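All remarks here apply to the structure that follows.
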Amino acid sequence: MLAITKKKKKKQESKRKETQFTSFVYSTFKNLLLRRILEPCLVISTLGALPQLLISPGRSPIAWMASSPDLQFDPSRIPKEAVAQVPEGYTIRPLNVNDYDKGYLELLSQLTTIGTISKRKFAERFDLLRERNESKYCIVIEDLGRGIIVGAGSVIIEPKFVHECGMVGHIEDIVVDNSARGKNLGKLIINALTLVAKHSGAYKVILSCAEKNVGFYEKCGLKAKEVTMANYL
Ligand SMILES: CC(C)(COP(=O)(O)OP(=O)(O)OC[C@H]1O[C@@H](n2cnc3c(N)ncnc32)[C@H](O)[C@@H]1OP(=O)(O)O)[C@@H](O)C(=O)NCCC(=O)NCCS
């Protein structure tokens, strides 16, 4: 009798363990499906990028969103020719949400006023930019030895009606850290952003700059054209 009860208990225990294991496998699979596949799909389709996914399966936004959750955009959007120009000890890549801790904002403060931005606020803005990954590309250069961001710039891709529904790239927020200037990193950032814009279908890139930087942009292949006007609000 005792042996039968023991056997029954053992059977119940093994069934309980089996159920526990099944539910673990189920919940892991469910999380994987929801977080890694369906959620990014939803974000992408909300952005209207699903058609692009269907017509260019070689570059799958789902794949990069799932594999690089910390990057602002798909790193393969930075053409290899731009990556090849980076000097040893540096890397060029999309902005990473963890660049908050690598001096990204301190770098931008060499360009203009930044104000107080908490890590949370930074992450929120990062998420917004990540959702718009096909319309704004934030590129950084990291000094691998020091683990800090020493160069940054972005390009906004503007779809237009003029020029047969052409696209224009607006280059913004170019800055190289004081300690790394004069090493062609600025030129490299402009070149990378220009190529990203070109590969996105832009027929030109434009930017505004201070008079003292005209020479730098000329060295990067740009020419002065028209004037910039501003109305600070
Ligand atoms: C402007 C800035 C981005 C240049 O970065 P950098 O990495 O030092 O520039 P590079 O080394 O790539 O310079 C490329 C070429 O431009 C030249 N150059 C750099 N700055 C220049 C300037 N202000 N005027 C004229 N030529 C300049 C360099 O001598 C180099 O010439 P070369 O190809 O003949 O050797 C950097 O000085 C900076 O961050 N400044 C503060 C922020 C800023 O003003 N940003 C621009 C906002 S519009």
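Laboratory data are not the source of any read-out in this text; all were calculated from the coordinates shown. Given the structure is predicted, the values throughout are model-derived calculations rather than measurements. Reconstructed Cβ throughout: ideal geometry from the backbone, glycine too, with neighbour counts over all protein chains shown.
Of the cross-linked pairs Lys119/Lys212; Lys136/Lys223; Lys102/Lys183, those separated by over 28 Å at the C-alpha level are Lys119/Lys212.
Please quote Rg/Rh for the range 122-233 to two decimal places, taking the Kirkwood radius as Rh and restricting both calculations to Cα atoms. Before the final figure, lay out each step's value.
Details: Rg = 15.0 Å, Rh = 15.3 Å.
Radius of gyration over Kirkwood radius for the range 122-233 works out to 0.98.
Report, to two decimal places, the Cα Rg of the range 169-217 normalised by 2.2 N^0.38 Å (N = number of residues). The partial results should precede the final answer.
Values: Rg = 11.5 Å, N = 49, 2.2 N^0.38 = 9.7 Å.
Here the answer is 1.19, to two decimals.
Could you rank the peptides 91-104, 213-226, 68-81, 187-200 by their average count of other C-beta atoms within 10 Å per residue, with the highest value first? Please list the in-between numbers first.
Details: 91-104: 18.9, 213-226: 12.1, 68-81: 16.4, 187-200: 20.4.
Descending packing order for the listed peptides: 187-200, 91-104, 68-81, 213-226.
In units of the compact-protein estimate 2.2 N^0.38 Å, the range 84-182 shows a Cα radius of gyration of 1.17.
Quote the FRET efficiency, to the nearest 0.05, computed for Thr113 versus Ala224 with a Förster distance R0 of 25 Å and r equal to the Cβ-Cβ distance.
0.45
Summing charges over all other residues whose Cβ lies under 11 Å from the Cβ of Ser154, with Lys and Arg as +1 and Asp and Glu as -1, gives -1. Charge tally for Val175 (other residues, Cβ to Cβ under 12 Å; Lys, Arg +1; Asp, Glu -1): -3.
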